[in-house]
Amino acid sequence: MSEAEAKIRTRGLSAWFGARPVLRDIDIDIDARGVTAIIGPSGCGKSTFIRCINRLHEMTRGARMSGKILVDGVEIQGPEVDPVALRRRIGMVFREPNPFPAMSIRDNVLAGLILNHGRPSRARGDEIVEAALRQAALWTDLRDRLGAPGTSLSSGQQQRLCIARTLALEPEIVLMDEPCSALDPVASAKIEDLLHELRERYTVVIVTHNMQQAARVSERAAFFLDGELIEYADTDTIFTAPLDKRTEDYITGKFG
Amino acid sequence: MSGRKLSASDRALRWLCAAAVLVPIAVLSSLLVSVALVGFTQLDAEVLAAVGGALRDSVYLGLLSAGLAVPLGVGAAIGLEQYGARATWAELLDAKVAVLAGVPSVIYGLLGLELFARALSSGRGLLAGALTIALLVSPMIFVASREALRGVSASQREAGLALGGTRWQIVRHVVLPMAIPGIVSGTILAVARALGSAAPLLVLGGFAAARVAPEAADPLAVLPVRIFSWIAGPAREGAGGNAAAGSFVLMVVCLGLHGLALVIRGRSTGPREAEA
């Protein structure tokens, strides 16, 4: 992959919680199209890594980072970059489904717009809601109950509603932090199906502790261990012919 | 078997817990019943008029002080909420206000006397009383509102941030709608407490009124102050009956407000959790 194609590039990215380092000197180029999986044992810094990309990490008390992150070649730490505007371009789906309980399904989908610009017109809102719910494979299930509270859905549907809410803002990048960890296998499979659709339109970075899932959904995979990037390659290579002994040990289940 | 060995102390603890629950319930219900029996039997047209006048004054004072304290308490809590968990000074302020909420109400009476009645020379009328009661309840409203706002989980705020919301937008559209039932019920409880407290108003001037002219019209002679004057004032015919009936009405009002607060709080969590 040439550097020009990289959607996200980090150079010397390090991050801390207080005095404790969680990421050390990460250099990575993430392709514009397709799914990149971030794998590694608990506490290896993989969630922190994606939370740096949308500058959510710095919102935690005592958290800080250094180094460079470039999106489309532009440094996102720069003083001229507004983190709030940046987060509209870089969506995030969390570990636990977290639809807004005080909002209907429809308002949940429109939440990003309601937050930023105020409620869109009825017709425009209908359009956005339908498009986003279709992309999240929820439209046929929910079209007749858009007024119900977002929390009235099953947890798998709630997570897809959160994906729809993210897509409604038409982001360029979608970050996913173990989006299936709170879901049963059937609901997880639906999210994975969705990923196959999303890869065409968005840069997707997914953190997962599930090896099979990483193998199924991603084109490229990065293995993190103790805050360091150990190996980054095509997913096939990582799973069949890893260069580093530690990667192989993790993949084959010797630890983690 | 260890289970059998433990069972003696287990049983003792169980009795202790049961007693801890039952004794307050028994005391409260006997109080309720006796006040209700005495108070209810005393209710006639004359008593009703006396108690009704005092209740009307209570409502005026309660509404006016809530009108002053709610914007202050809730506004401060929301304002502070914007700064999130990052600001140490916000934490300090929290602790300070929590202490204020624990200051005995009679101290607020002294403060009100000095500050409003004397310094601002607004007299010892309704306004001074309402300002004093507002000072008394606004820390309680602030503490209840902060709790309600902080009860909204961090994941909700993060979701808002990830959608490109500013702190204020997230407070306005995500946090506040979820916290409103808690804020409202906390406010009702604070106002209910203020309605029942006589001490600050007695300090503020109600005491003189109560001793000298128990039946004279006075905006500070709210229900608890009247009850005090009926009991402590010069012995007159009917004072005992008025006191009993007044206590009964005051208790019904306060318990009613507490019940309302419970219903509002229960509503906010009940159905939603059932649906989830």
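With 32 Å as the limit, the listed pairs A:LYS46/B:LYS96; A:LYS68/A:LYS245; A:LYS68/B:LYS96; A:LYS7/A:LYS190 have A:LYS46/B:LYS96; A:LYS68/B:LYS96 beyond it between alpha carbons. Inter-label distance, A:TRP139 to B:VAL103: 6.1 nm, where each label sits 7 Å from its Cα along the C-beta direction. Solvent-accessible area lost on pairing B with A (1.4 Å probe, both sides summed) amounts to about 2300 Å². Taking amide H positions as modeled 1.01 Å from N, with prolines and chain starts lacking one, the residues under 5 Å from A:LYS7 and 5 or more places away or on another chain are A:ILE30, A:ASP31, A:ALA32. Qualifying GluC sites (Glu not before Pro) in segment A:126-214, where qualification requires a DSSP coil assignment and no more than 10 other C-beta atoms within 10 Å, comprise A:GLU200. Backbone geometry of segment A:221-232 corresponds, through the Karplus equation with coefficients 6.51, -1.76 and 1.60 at θ = phi - 60°, to 3J(HN,Hα) couplings of 9, 10, 9, 9, 8, 6, x, 10, 7, 7, 8, 9 Hz, x marking Gly and Pro. The relative contact order of segment A:1-101 comes to 30 percent, based on Cα pairs under 8 Å that sit 6 or more residues apart.
Placing a pseudo-label 7 Å from each Cα along the Cα-to-Cβ vector at B:TRP89 and A:GLN77 gives an inter-label distance of 2.8 nm. Rounded to the nearest whole Hz, the Karplus-based 3J(HN,Hα) values (6.51 cos²θ - 1.76 cosθ + 1.60, θ = phi - 60°) of segment B:177-184 follow the sequence x, 6, 8, 4, x, x, 5, 5, with x at glycine and proline. Model label sites at A:GLU130 and B:SER9, defined 7 Å from Cα along the beta-carbon direction, differ in position by 7.0 nm.
Per-residue 3J(HN,Hα) values for segment B:191-196, derived from phi via the Karplus relation 6.51 cos²θ - 1.76 cosθ + 1.60 with θ = phi - 60°, read 5, 4, 5, 5, 4, x Hz in sequence order (x marks Gly and Pro).
Under the criterion of Cα pairs below 8 Å and six or more residues apart, the relative contact order for segment B:45-269 equals 28 percent. Ligands, DNA and RNA are left out, and with a 1.4 angstrom probe the accessible area of chain A is 41 Å² per residue.
Charges only on Cβ, +1 for Lys and Arg, -1 for Asp and Glu: so what's the dipole of segment B:45-269 about the Cα centre, in debye to the nearest 20? Write down the numbers at each step before the final one.
Working: 16 positive and 11 negative charges, 86 e Å.
With only Lys, Arg, Asp and Glu charged at Cβ, the dipole is about 420 debye.
Across peptide A:52-59, the mean count of Cβ atoms from other chains lying within 10 Å of each residue's own Cβ comes to 2.
Output the relative contact order of chain A, whole-number percent, from Cα pairs under 8 angstrom with separation of 6+ residues. Before the final figure, lay out the partial values.
Values: 488 pairs, mean separation 68.6, N = 256.
Taking the mean separation of contacting Cα pairs over the length of chain A, I get 27 percent.
Return the residues of segment A:93-121 for which accessible area with all protein chains present is lower than in the chain on its own by 50 Å² or more; set the probe to 1.4 Å and exclude ligands, DNA and RNA. Buried-area filter returns A:ASN98, A:PHE100, A:PRO101, A:ALA102, A:LEU115. Under the rule a/c < 1.5 gives rounded, and otherwise a/b versus b/c splits prolate from oblate, where does segment B:1-144 land using the Cα gyration tensor? Oblate, since a/c reaches 1.5 and b/c is not below a/b.
Taking every residue in A:192-199 and counting other chain Cβ atoms within 10 Å of its Cβ, the average works out to 0.
The values are calculated or read from the model by the stated rules, or taken from the named source; none is laboratory data. This one's a predicted model, so the numbers in the text were calculated from it and none came from an experiment. Quick reminder, even Gly has a Cβ in these numbers, built from the backbone with ideal geometry, and neighbours come from all protein chains shown. Quick note on the areas: whole protein, heavy atoms, side chains included, nothing else; ligands and nucleic acids left out. Shrake-Rupley method; radii C 1.70, N 1.55, O 1.52, S 1.80 Å.
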